[in-house]
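Peer 1: This is the structure I have questions about; it appears just below.
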Amino acid sequence: MGARIQDVQNGFLYGEADKLKGCDIHLDYPSVGATENIMLAAVLADGDTYIRNAAKEPEIIDLQNYLVAMGAEVSGAGTNVIRIKGKNTKFNSVEHSVIPDRIVAGTYMVAAAITGGNMVVKNIAPEHISSIISNLRDSGCHINIKKNSLHITSPARPKAIDIIRTLPYPGFPTDMQAQMVSMLSIARGTSIIVETIFENRYKHVDELLRMGANIKLEGRIAVIKGVKKLNGANVTARDLRGGAALILAGLVAEGETVISGTKHIDRGYEDIEGKLSQVGALIKREQ
């Protein structure tokens with residue numbers, strides 16, 4: 001597109017461009033972040049940009065809807081190819097409601113499943129979380145879906161799931177892998193999770209082992225033998241979803257669990273302790 005990347009120093013990327021130009025881009029992998037950033041760059045570039053092997057996540061469609069409302073010319077979101085016609089015009093101001101967060105919804109669903117709970121989750125898009133719903137049903141949960149809410153009822157102890165593979169949308173999201181590891185840690189039987197999206201996505205496992213989980217890692221594969229109970233411990237959130245997974249494990253563990261590193265969790269959840277308190281969790285934040 002005409003940008004010049006000058007240097008990479010201390011975690012900062014330095015680049016410049018006189019004017020971006022449209023071009024044909026083929027992504028080696030359908031990355032959500034790459035797709036979104038190219039879309040944002042292309043709407044003001046000179047000429048047309050085609051993103052091939054584009055990500056298909058609902059967030060891509062939502063971004064297209066937002067840009068189109070502002071006056072951009074973007075089409076194809078949700079398919080393999082997105083076309084952006086660059087414009088040298090000022091965009092309109094708009095009011096836009098962001099789609100429901102499917103990972104937050106999935107996290108609260110797993111909170112119900114891991115504790116043998118009974119919960120209604122509101123303001124969701126059920127079609128965006130179909131893979132999460134399917135796997136939780138496989139674990140023994142009963143899920144009744146309405147237009148924009150669902151009611152999940154869980155057994156006292158979930159069943160193991162033979163195998164879960166993280167995949168690009170509409171497959172099972174990598175951002176739900178850690179939460180499922182926590183749930184399957186106390187499931188009846190042995191489960192296998194294959195992480196196909198990101199390397200080094202099992203930072204939460206060492207912390208779950210401190211709580212008594214039985215998990216063995218073999219590269220990108222986690223073999224989880226369910227235990228009857230987890231124990232409270234002092235653990236550290238090392239990333240966003242791993243931190244959420246530790247909260248879920250703490251809900252069902254015997255004794256007190258203290259989680260540090262909550263700055264990671266706050267990146268993706270608004271008042272998670274308040275929402276879980278509303279449904280009976282004994283959880284509080286300490287400064």
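Peer 1: Please name which of M70, A111, A45 has its Cα lying farthest along the dipole of the chain towards the positive end, using unit charges on Cβ (Lys, Arg +1; Asp, Glu -1) and the Cα centre as origin.
Peer 2: Farthest towards the positive pole: A111.
Peer 1: May I ask for the percentage of alpha-carbon pairs in region 143-287 that lie more than 27 Å from each other?
Peer 2: Value for region 143-287 (Cα pairs over 27 Å): 19 percent.
Peer 1: Further, regarding this structure: Which semi-axes, in whole Å and largest first, does the equivalent ellipsoid of region 165-214 have when worked out from the alpha carbon gyration tensor as the square roots of 5 times its eigenvalues?
Peer 2: 20, 13, 8
Peer 1: Could you work out the relative contact order of region 192-287, using alpha carbon pairs under 8 angstrom and six or more residues apart, expressed as a whole percent?
Peer 2: With pairs under 8 Å counted, the relative contact order is 23 percent.
Peer 1: Just want the ordering: E218, E273, from fewest to most Cβ atoms lying within 10 Å of their own Cβ.
Peer 2: Going from sparsest to densest Cβ surroundings: E218, E273.
Peer 1: Round to the nearest 10 and give me the degree value, 0 to 90, for the angle of helix 32-42's Cα axis relative to the longest principal axis of the chain.
Peer 2: It works out to around 20 degrees.
Peer 1: Using the alpha carbons of the chain, what is the convex hull volume per residue in cubic angstrom, as a whole number?
Peer 2: 152
Peer 1: Counting every Cα pair in region 15-85, what percent are over 20 Å apart?
Peer 2: 19
Peer 1: Placing unit charges on C-beta atoms (Lys and Arg positive, Asp and Glu negative, everything else neutral), compute the dipole magnitude of the chain about its Cα centre in debye, rounded to 20.
Peer 2: 820
Peer 1: Okay, next question. Pull up the cross-link candidates among the lysines for K146, meaning alpha carbon to alpha carbon under 17 Å and not fewer than 8 places away within one chain.
Peer 2: Leaving aside lysines fewer than 8 places away in the same chain, those within reach of K146 are K122.
Peer 1: Over region 216-268, how many percent of alpha carbon pairs lie in each 10 Å bin up to the one with the longest distance?
Peer 2: P(r) over region 216-268, rounded to whole percents: 24, 44, 31, 1.
Peer 1: Helix 102-114 versus the longest principal axis of the chain: what angle, 0 to 90°, nearest 10, using Cα atoms?
Peer 2: 10
Peer 1: Distance between the C-alpha centers of region 7-54 and region 120-163? Whole Å please.
Peer 2: Each part's Cα centre sits 36 Å from the other's.
Peer 1: A follow-up question, please. Would you mind ranking Y169, Y202, Y108 by Cβ crowding within 10 Å, fewest neighbours first?
Peer 2: Fewest-to-most ranking of Y169, Y202, Y108: Y169, Y202, Y108.
Peer 1: Expected output is a single nm value to one decimal: the length gained when fully extending between R267 and A3, i.e. 0.36 nm times separation in residues minus the C-alpha distance. What is it?
Peer 2: Stretched fully, the R267-A3 segment lengthens by 92.1 nm.
Peer 1: Could I ask something else about it? For the chain, find the longest principal axis of its Cα atoms and tell me its angle to the long axis of helix 58-70, 0 to 90°, nearest 10.
Peer 2: Tilt relative to the chain: about 40 degrees.
Peer 1: Right, next: Between L27, L276, L184, which gets the highest mean-square fluctuation from a Gaussian network model of the chain, Cα cutoff 10 Å?
Peer 2: Looking only at L27, L276, L184, the largest GNM fluctuation is found for L27.
Peer 1: Can you figure out the FRET efficiency of N37 with R238, using R₀ = 25 Å and their beta-carbon distance, to the nearest 0.05?
Peer 2: 0.50
Peer 1: Percent antiparallel among DSSP beta bridges with both residues in region 102-277, to the nearest 5?
Peer 2: Rounded to the nearest five, the antiparallel share is 70 percent.
Peer 1: May I ask for log10 I(q)/I(0) of region 82-149 at q = 0.18, 0.19, 0.24 Å⁻¹, from a Debye sum over the Cα atoms as equal point scatterers with solvent left out?
Peer 2: -0.70, -0.75, -1.08
Peer 1: To the nearest Å, what is the center-to-center distance of region 75-93 and region 266-286, using C-alpha atoms only?
Peer 2: Using only Cα atoms to place each centre, the spacing works out to 38 Å.
Peer 1: How large is the charge dipole for region 15-85, taken about the Cα centre, if only the Cβ atoms of Lys, Arg (+1) and Asp, Glu (-1) carry charge, to the nearest 20 debye?
Peer 2: Using Cβ point charges on Lys, Arg, Asp and Glu, region 15-85 gives about 180 debye.
Peer 1: By how many nm would the segment from A125 to H151 lengthen if fully extended, with 0.36 nm per residue of separation less the alpha-carbon distance?
Peer 2: Here the answer is 8.0 nm.
Peer 1: Work out which trypsin sites (Lys or Arg not before Pro) in the chain are exposed loop sites (DSSP not H, G, I, E or B, at most 16 other Cβ within 10 Å) and give the longest gap free of them.
Peer 2: Answer - 148-227.
Coordinate-derived values only; no laboratory data. It should be emphasised that the depicted structure is a prediction, and the values quoted were computed from it without experimental measurement. FYI the Cβ positions are ideal-geometry reconstructions off the backbone, even for glycines, and counts take in every protein chain you see.
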